[in-house]
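Quick notes on the structure that follows.
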Amino acid sequence: MSTSEDLKEAFAGESQANRKYLAFAKKADAEGYAQAAKLFRAAADAETVHALAHLKASGGIGSTADNLEEAIGGETFEYTKMYPGMIERATAEGNNAARMSFENANAVEQIHAGLYRKALDDLGNNTQVDYWVCQVCGNTVEGEPPDKCPICGSPKTAFNKID
């Protein structure tokens with residue numbers, strides 16, 4: 001294995017640890033364990049520091065235009081290649097929770113690709129828009145959230161504004 005491969009593996013591992021620890025923090029908060037939740041959030045933040053250092057060391061951060069192009073490619077791969085097969089397998093196995101999770105993500109990745117394309121096309125115009133994210137399915141919208149999420153049907157209150 002090369003150092004380049006090690007950096008990619010380390011970035012992936014640290015990134016996954018960050019997300020997992022944030023999920024653990026939400027669960028600890030819901031169960032009333034504030035101190036454990038705080039520790040999970042602290043560790044998640046540290047894992048982000050590690051992941052970003054690995055990404056930087058690997059040369060994985062380019063210009064904003066390059067980063068937008070890479071994001072478009074990644075999102076497009078997910079909704080055209082990755083998720084369709086996962087949806088098919090989950091359906092065949094009767095795993096409805098997984099199927100729904102994959103279908104929601106697949107729909108949102110198409111939206112992300114379009115938003116990244118729009119941002120790339122507008123790069124340098126200093127256009128300012130607000131983004132809102134549905135906390136149930138991840139749907140990402142510009143401007144104002146809809147009264148009902150078109151992907152999962154959640155109410156407007158399920159959307160968080162991103163600053």
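None of the figures in this text is laboratory data; all of them are computed from the coordinates on show. Just so you know, these numbers come straight off a predicted model, no measurement behind them. Cβ atoms come from the backbone with ideal geometry, glycine included; neighbour counts cover every protein chain shown.
Odds and ends about this structure:
- With 0.36 nm allotted per residue and the present C-alpha distance subtracted, the Thr91-Glu70 stretch has 4.6 nm of extension available.
- Restraint check, Lys118/Lys156; Lys38/Lys148; Lys38/Lys156, Cα-Cα greater than 27 Å: Lys38/Lys148; Lys38/Lys156
- Cα-centre dipole for the chain with unit charges at Cβ (Lys and Arg positive, Asp and Glu negative), debye to 20: 520 debye
- Note on the chain: percent of Cα-Cα distances in each 5 Å bin, starting at 0 and stopping at the bin with the largest distance, equals 1, 8, 11, 13, 19, 21, 16, 8, 2, 0, 0.
- Which of Cys152, Cys134 has the fewest Cβ neighbours within 10 Å, and the rest in rising order: Cys152, Cys134
- Nearest-0.05 FRET efficiency for Lys20 and Asp45, computed from C-beta distance (R0 22 Å): 0.95
- For Glu31 and Val136, the FRET efficiency from 1/(1 + (r/R0)^6), where r spans their Cβ atoms and R0 equals 25 Å, is about 0.75.
- Efficiency of FRET from Cβ geometry, Met100 and Lys8, R₀ 22 Å, rounded to 0.05: 0.15
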